[in-house]
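**Student:** I am attaching a structure below and will ask some questions about it afterwards.
The values are calculated or read from the model by the stated rules, or taken from the named source; none is laboratory data. Owing to the predicted nature of the structure, the values given are computational and were not obtained by experimental measurement. Neighbour counts are summed over all protein chains in view; Cβ atoms, including those assigned to glycine, are modelled from backbone coordinates with ideal geometry. Side chains are part of the model used for accessible areas, which takes the heavy atoms of the whole protein and leaves out ligands, DNA and RNA. Shrake-Rupley method; radii C 1.70, N 1.55, O 1.52, S 1.80 Å.
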Amino acid sequence: MRAMVIDDSRAMRMILKRIVTKLNFEAVEAGDGKEALDLLTEMAEVPELALIDWNMPNMNGLEFVSHVRADPRLREMTLVMVTTESEQSQIVRALAAGAHEYVIKPFTEGAMIEKLALLGLVPTGANS
Amino acid sequence: MSLTQAEFSFVSTLVRREASIVLAPGKEYLVEARLIPVARAVGAANVNEFLADLQRKPNPANQRKIIDALTTNETSWFRDREPFAALTDVVIPELVKSRSAARKVRIWSAASSSGQEAYSLAMTLQENLPPGWSYEIMGTDISTEMVKRAETAEYSQVEVNRGLPASQLVQYFERAGAHWRVTQALRRNVSFRLLNLTTPLPAMQPFDVIFLRNVLIYFDVATKRTVLQNAAKLLKPDGWLFLGAAETTIGIDDNYERVAAGRTSAYRVRNGVAAGAPRRG
């Protein structure tokens, strides 16, 4: 399985990459939404999962989610926002745009794995 | 400075006497880690000094703080998921048939800690009971601090990340400064009280479902039996008991029988007879 990690912070990409790699995902990185879409166009197989920051240059996470949801080729992707944006209205917007889950930074590795477990992407108890 | 054998023995005797919890040798590090903030809060230089003072001059309030510190555990929303799925798929549909006259469901979260299990149960009932039904969730815990915390229903950003789907976060919570608070609509169905599961329990209306999860693991066999017998007295004859994944009644209290509940197991009183009573034929 493949996971795309989309964040303009290299440090955050490293953290997320470490978590998904632990869960046997092959990680692909992108520094913003535009770069992620470009990569997706080139990829023969669509990743099962994308972890997406909200505030990024060129194309933000919410715009990325909207683009993915509008593209039938990408409809199987599970989209998780991972962001410091923590207003209730923002979570509602992200879910309405098509994000499946929302993780607020800061988060623990266990919390991230629990969220992915909710989406059926981790066997139960993988974080215990 | 780490705990001496005598200090560990003092703490384990206290916790055993007051909360029936067995602290096996090897837990010295855990005990010390949990007591460091307690010692600091009372102005002691370290845990050793805190315990030395307490041994010289018993202080019920500080003893209580030790019990609280050693009996509280981090918890997450919809912990282990399967019992909540079983509630949705198996138990609630059955209760909707069997309780159609009263149209009310009562659930006991028997070691409610900071309240996540009780509120997760409330969300599950809120979403799965038919219109016109009501429900009550009672959470109990041995820690006064945890009961207070559960009643406030406020959780940090980190805590709401733990196993809580975003859709339920926005539906059942509201922002309270940097924290999130469970909405009044959910809170009004949930109450909390202080309760020691190992002592005779106060009279309460019996429950349709009891969640007694990850509690028995702390007790010896005799105490486990007492807790299970106490629980049976508060479980309706056709009620359901859910234990933690590593816990069972088997070999402890034969008045319960294990039954399948979705992809997990639950326990029901055999032949509808209260546990602790003589078994039929």
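**Student:** Can you put B:Glu32, A:Glu109 in order of accessible area, largest first, using a 1.4 Å probe?
**Tutor:** Accessible-area ranking of B:Glu32, A:Glu109, largest first: A:Glu109, B:Glu32.
**Student:** Would you mind calculating the relative contact order of the range B:42-187 from Cα pairs under 8 angstrom and at least 6 residues apart, reporting the percent as a whole number?
**Tutor:** For the range B:42-187, the relative contact order is 24 percent.
**Student:** Could you work out the relative contact order of chain B, using alpha carbon pairs under 8 angstrom and six or more residues apart, expressed as a whole percent?
**Tutor:** Over chain B, the number comes to 16 percent.
**Student:** Can you give the relative contact order of the range A:66-128 as a percent, counting alpha carbon pairs under 8 Å and 6+ residues apart?
**Tutor:** Contact order relative to length: 28 percent.
**Student:** What is the calculated FRET efficiency for B:Ser9 to B:Leu201, with r their C-beta to C-beta distance and R₀ = 30 Å, to the nearest 0.05?
**Tutor:** The formula returns an efficiency of 0.50 here.
**Student:** How many angstrom separate the Cα center of the range B:8-24 from the Cα center of the range B:34-77?
**Tutor:** Between the Cα centres of the range B:8-24 and the range B:34-77 lies a distance of 13 Å.
**Student:** How big is the B/A interface in buried accessible area, both sides summed, 1.4 Å probe, to the nearest 100 Å²?
**Tutor:** 1600 Å²
**Student:** Just give the residues from the range B:76-123 buried by at least 30 square angstrom of accessible area in the all-chains context relative to the isolated chain, probe 1.4 Å, and say none if nothing qualifies.
**Tutor:** B:Arg81
**Student:** Given a 1.4 Å probe and every protein chain left where it sits, what share in percent of the accessible area of the range B:153-281 is carbon and sulfur?
**Tutor:** Of all accessible area on the range B:153-281, carbon and sulfur atoms account for 49 percent.
**Student:** Further question on the same structure: Using square roots of five times the C-alpha gyration tensor eigenvalues, list the equivalent-ellipsoid semi-axes of the range B:192-276 in whole Å, biggest first.
**Tutor:** They are 18, 15, 13 Å, listed largest first.
**Student:** Projected area of the range B:165-229, taken from the Cα convex hull and averaged over every viewing direction, in nm²?
**Tutor:** 6.9 nm²
**Student:** Beta carbons within 10 angstrom, averaged per residue: use that to sort the peptides B:153-163, B:107-117, highest first.
**Tutor:** Most protected by this proxy first, the peptides run B:107-117, B:153-163.
**Student:** Report Rg (one decimal) and Dmax (nearest whole number) for chain A, counting Cα atoms only, units Å.
**Tutor:** That works out to 13.3, 38 Å for Rg and Dmax.
**Student:** Now a separate question. Going by accessible area, probe 1.4 Å, with all protein chains left in place, what is the ranking of B:Ile250, A:Ile19, largest first?
**Tutor:** If we order B:Ile250, A:Ile19 from most to least accessible, we get B:Ile250, A:Ile19.
**Student:** Right, something else. For every other residue with a beta carbon closer than 11 angstrom to the beta carbon of B:Leu23, add +1 if it is Lys or Arg and -1 if Asp or Glu, then tell me the sum.
**Tutor:** Overall, the nearby charge balance is +2.
**Student:** Is there a pair in A:Lys17/A:Lys115; A:Lys105/B:Lys27; A:Lys115/B:Lys97; A:Lys22/A:Lys105 whose C-alpha atoms are over 24 Å apart, and which pairs would that be?
**Tutor:** Check vs 24 Å cut-off fails for A:Lys105/B:Lys27; A:Lys115/B:Lys97.
**Student:** Under the classification rounded if a/c is under 1.5, otherwise prolate if a/b is larger than b/c and oblate if not, where does the protein assembly as shown fall, given a ≥ b ≥ c as square roots of the Cα gyration tensor eigenvalues?
**Tutor:** Note, shape of the protein assembly as shown comes out oblate.
**Student:** Separate question: Please give every one of the lysines within straight-line cross-link reach of B:Lys148, meaning a C-alpha to C-alpha distance under 24 Å, and leave out same-chain neighbours fewer than 8 residues apart.
**Tutor:** B:Lys65
**Student:** Can you give the local net charge around A:Arg75? Use residues other than it whose beta-carbon is closer than 15 angstrom to its beta-carbon, Lys and Arg +1, Asp and Glu -1.
**Tutor:** -2
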